[in-house]
1. Please work out how much length the chain gains when fully extended from Leu27 to Thr52, using 0.36 nm per residue of separation minus the C-alpha to C-alpha distance, in nm with one decimal.
2. Step by step: find N for region 82-164, compute 2.2 N^0.38 Å, then divide the Cα radius of gyration by it. What's the final number?
3. How many nm is it between the label spots at Arg66 and Thr16, if each spot is 7 Å from the Cα in line with the beta carbon?
4. For region 42-104, what class follows from the C-alpha gyration tensor (a ≥ b ≥ c being the square roots of its eigenvalues): rounded when a/c is under 1.5, otherwise prolate if a/b is larger than b/c, else oblate?
5. Which angle between 0 and 90 degrees, to the nearest 10, do you get for helix 34-47 versus the longest principal axis of the chain when only C-alpha atoms count?
6. Show which lysines lie in cross-link reach of Lys145 when reach means a straight Cα distance below 25 angstrom and same-chain residues fewer than eight apart are skipped.
7. May I ask for the distance between the Cα centers of region 76-95 and region 35-74, given as a whole number of Å?
8. What is the distance in Å between the Cα centroid of region 126-141 and that of region 150-173?
Amino acid sequence: EDILNRLTEKDFSNRTTKLYVLVKADLLLRMGEYEAALPFLKNAIEYNKGLTRKRAMFIYAQVLERLGRYNEAYNAYNDVKKKHPDYIMEFNAVLNMARCYQGTSMEPIKKEIDRLLKRASNEQYKDRIYYTMGKLHWRRGDKDKAMEYYQMAIDESTRNGIDKAEALLALGDIY
């Protein structure tokens, strides 16, 4: 940590700068310094290509969401989606976009969620999809709709794991 704090991007070649910004961002995230990690993640996105860039973009979006910057996070997740990542990353980007959605009309996000629900490959993830929708409605102040989605998440749970537990806890918190 000490060594990393003394170094800057200028101390490295182009090749090692790619690694430095990733390592520095990782260190800052592990220390809980989310705001300070953002510029390093931005540079990681700029300097890297392929899967590493997509992962850096996804983490950047997660950090924005964690900081409560929902509009920026929504756009960042959408940027990840546009890069055609692997299916799991795209699935999670869409769910996270739904959670960050700030628009007044629910139609755009409902369309995305309906698309996910129709895919046979998402049958085992319906509980996560409904839980995410419950979380979105809860954040928007629609308690009844949140409860409805949390209950659907519980009912659709096929794995009886953490997703079901989260939905049960969320529903319990409402009561």
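Only the coordinates and a few stated rules stand behind these numbers; no lab work does. All of these numbers come straight from a predicted model, not from anything done at the bench. Note that we place each Cβ from the backbone using ideal geometry, even for glycine, and neighbour counts take in every protein chain shown.
1. 7.3 nm
2. Details: Rg = 12.4 Å, N = 83, 2.2 N^0.38 = 11.8 Å.
Relative to the rule-of-thumb radius for its length, region 82-164 sits at 1.05.
3. About 2.8 nm separates the two model spin labels.
4. Because a/c hits 1.5 or more and a/b fails to exceed b/c, region 42-104 counts as oblate.
5. Approximately 70 degrees, to the nearest ten.
6. Correct list for Lys145: Lys110, Lys111, Lys118, Lys126, Lys135, Lys164.
7. 13
8. If you average the Cα positions of each part, the centres end up 11 Å apart.
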